[in-house]
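Okay, structure first, notes after.
The values are calculated or read from the model by the stated rules, or taken from the named source; none is laboratory data. These figures come from a predicted structure and were not determined experimentally. A quick note on method: Cβ atoms are made from the backbone with ideal geometry, for glycine too, and the neighbour counts reach across all protein chains shown.
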């Protein structure tokens, strides 16, 4: 990939809550990046962009792709649109950052990767939760050996209530597995980089107002014998721990969510501080101790992105890692449909296709 010799000029596609409050905020707050423009089909939103961001506006993605000054597009659009938009942008010679989930299935993923390869452009996925303080804390505990050999990880992200908007519509790529599940699957695959031997998934559709799953439960088996569990829910008035990690020397348990999103929505992500009452606890056979949560740093994603575009650094999320997540998502969807354990390459454990 040819490195840029100027500050990368980015265009955010979509000016909903996440495009406006997250991507625009982080781009403008990252030295060496330029928020060049925003794409929105809504004239009122384009007026808001001009007032709030002071950058260019485009009514369509096509308009932005015709602008030779644009280096990269950031897709803050419904999940179902990611693949077609990413391929169009890559074919127009633009680098692409897509929000998670990367796309809807592995075939779409492969088309995106092939387009990036063919046009020698960067393609990556916004897995900002790799920079959550609680996840960084789990990484540190594993790296220092405090947990021993970690054999079992459970991650949960649960709430109580019906999702609205496009996230509550299957045709647009809504649902718990695509949205929250994509974060947790990515985190697990970072912690357990070894081969995945099988995926089992159960989903429930208990909310008649929506055609997306209310519950998603995924069990991932690894060739090393390790096990990971993802549990996402819209019916959890009493949520499970966000992290529950069992090793040969200790167990770590932690509730609560990283505070960066709440602080960012309030206008100052740097004000994010986790209450001490949400710190996790590390328990051994004989003792327990509270583990202060490391500070999170979402802006680090865009700092790395600038380095990748200008200095040739390895992006935080490589296409190989992104494809691995999509392979597990694909397997989970197949498992939920068939009731069988599925290998990530598509083969069923019982040998039946």
Inset, instruction - Might you let me know whether region 84-105 holds any residue that is within 19 Å of the chain's Cα centre (by Cα) and over 28 Å from residue 28 (Cβ atoms)? - result: yes
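Can you spot a residue in region 270-292 that is in a loop (DSSP other than H, G, I, E, B) and within 30 Å of residue 122 (Cβ to Cβ)?
Here is the first cut: in region 270-292, the residues in a loop (DSSP other than H, G, I, E, B) are 272-275, 279, 284-287, 292.
Checking which are within 30 Å of residue 122 (Cβ to Cβ) leaves us with 272.
Yes, region 270-292 has at least one match.
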Legend entry - Which listed residue is more than 30 Å from residue 8 (Cβ to Cβ) and under 21 Å from the mean Cα position of the chain (by Cα), from 251, 284, 203: 203
Legend entry - Answer from 299, 306 - the residue that is over 18 Å from residue 135 (Cβ atoms) and either in contact (Cβ under 8 Å) with a residue 60 or more places away in the chain or surrounded by fewer than 19 Cβ atoms within 10 Å (Cβ to Cβ) (or both): 306
Inset, instruction - Pairs only if they're at least six apart or on different chains, beta carbon under 7 angstrom, first in region 47-65 and over 18 Å from residue 89 (Cα atoms), second assigned to a loop (DSSP other than H, G, I, E, B); list them, first residue then second. - result: 49/15; 49/40; 49/55
Inset, instruction - Give the number of residues within region 24-36 that are touching a strand residue (DSSP E or B) at 6+ places or on another chain (Cβ under 8 Å) and either touching a residue at least 60 places away in the same chain (Cβ under 8 Å) or within 11 Å of residue 59 (Cα to Cα) (or both). - result: 2
Inset, instruction - Go through region 32-48 and count every residue that is over 23 Å from residue 301 (Cα atoms) and either crowded, with 22+ Cβ neighbours inside 10 Å or at pLDDT below 95 (or both). - result: 1
Legend entry - Residue within region 297-312 that is in a loop (DSSP other than H, G, I, E, B) and more than 22 Å from the chain's Cα centre (by Cα) present: yes
Inset, instruction - Could you tell me which of the residues 32, 37, 62 is assigned to a loop (DSSP other than H, G, I, E, B) and over 22 Å from residue 178 (Cα atoms)? - result: 32
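Within the group 256, 247, which residue is more than 23 Å from residue 193 (Cβ to Cβ) and touching a residue at least 60 places away in the same chain (Cβ under 8 Å)? So that I can check it myself, show each step before the final result.
On the way: 247 fails: more than 23 Å from residue 193 (Cβ to Cβ).
On inspection, the qualifying residue turns out to be 256.
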Inset, instruction - From 16, 29, grab the single residue that is under 21 Å from the mean Cα position of the chain (by Cα), surrounded by fewer than 19 Cβ atoms within 10 Å (Cβ to Cβ) and within 17 Å of residue 172 (Cβ to Cβ). - result: 16
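Let's see how each residue does on (1) in a strand (DSSP E or B); (2) in contact (Cβ under 8 Å) with a residue 12 or more places away in the chain; (3) surrounded by 21 or more Cβ atoms within 10 Å (Cβ to Cβ):
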| residue | (1), (2), (3) |
| --- | --- |
| 142 | no, yes, no |
| 147 | no, yes, yes |
| 175 | no, yes, yes |
| 188 | no, yes, yes |
| 201 | yes, yes, yes |
| 207 | no, yes, no |
Inset, instruction - Looking at (1) surrounded by fewer than 23 Cβ atoms within 10 Å (Cβ to Cβ); (2) at pLDDT below 95; (3) in a loop (DSSP other than H, G, I, E, B), find the lone condition where residue 212 falls short. - result: (1)
